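Undergrad: Let me begin by handing over the structure; questions about it come next.
Each reported figure results from applying straightforward, stated rules to the coordinates on display, with no laboratory input. Quick caveat, the model's predicted, so the values are computed rather than measured.
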Amino acid sequence: MAVLDPELMRIVEMRVLNKKVCRKCGALNPPTATRCRRCRSRNLRPKHKVAMRR
Ligand SMILES: [Zn+2]
């Protein structure tokens, strides 16, 4: 795979990580969500930099 522009990678990363994940069902929700759209749980967490693992 080609190495992408680091600045572009940063933007892509921000977009991907800018979500909330439900701890209960694992659904992705918008960053503005206070409740899960699938199970209505309020047990949401922001998606952190797990994608940085190699
Ligand atoms: Zn849920």
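Undergrad: Using θ = phi - 60° and the Karplus curve 6.51 cos²θ - 1.76 cosθ + 1.60, what whole-Hz ³J(HN,Hα) does each residue of region 23-38 get, with Gly and Pro shown as x?
TA: 6, 8, 10, x, 6, 8, 10, x, x, 8, 5, 9, 10, 5, 6, 9
Undergrad: For Cys25 and Val12, compute 0.36 nm times the residue count separating them, minus their Cα-Cα distance, and round to one decimal in nm. Walk me through the intermediate numbers first.
TA: Values: separation 13, 0.36 × 13 = 4.68 nm, distance 2.48 nm.
Contour length minus Cα-Cα distance gives 2.2 nm.
Undergrad: Let me ask something additional. Rg (Å, one decimal) plus Dmax (Å, integer) for the alpha carbons of the chain?
TA: 13.4, 40
Undergrad: With runs of 4+ DSSP H residues as the only contributors, calculate the mean residue ellipticity of the chain at 222 nm using -39,500 (n - 2.57) per run, divided by the residue total and rounded to the nearest 500. Before the final figure, lay out the partial values.
TA: Numbers: 1 runs with 12 residues, N = 54.
One gets -7000 deg cm²/dmol as the mean residue ellipticity at 222 nm.
Undergrad: Need the list of aspartates and glutamates near Lys47 for cross-linking: C-alpha distance under 19 angstrom, and skip anything on the same chain fewer than eight residues off.
TA: Correct list for Lys47: Glu13.
Undergrad: Just to confirm the number: angle between the C-alpha axis of helix 6-17 and the first principal axis of the chain, 0 to 90 degrees, nearest 10?
TA: Tilt relative to the chain: about 10 degrees.
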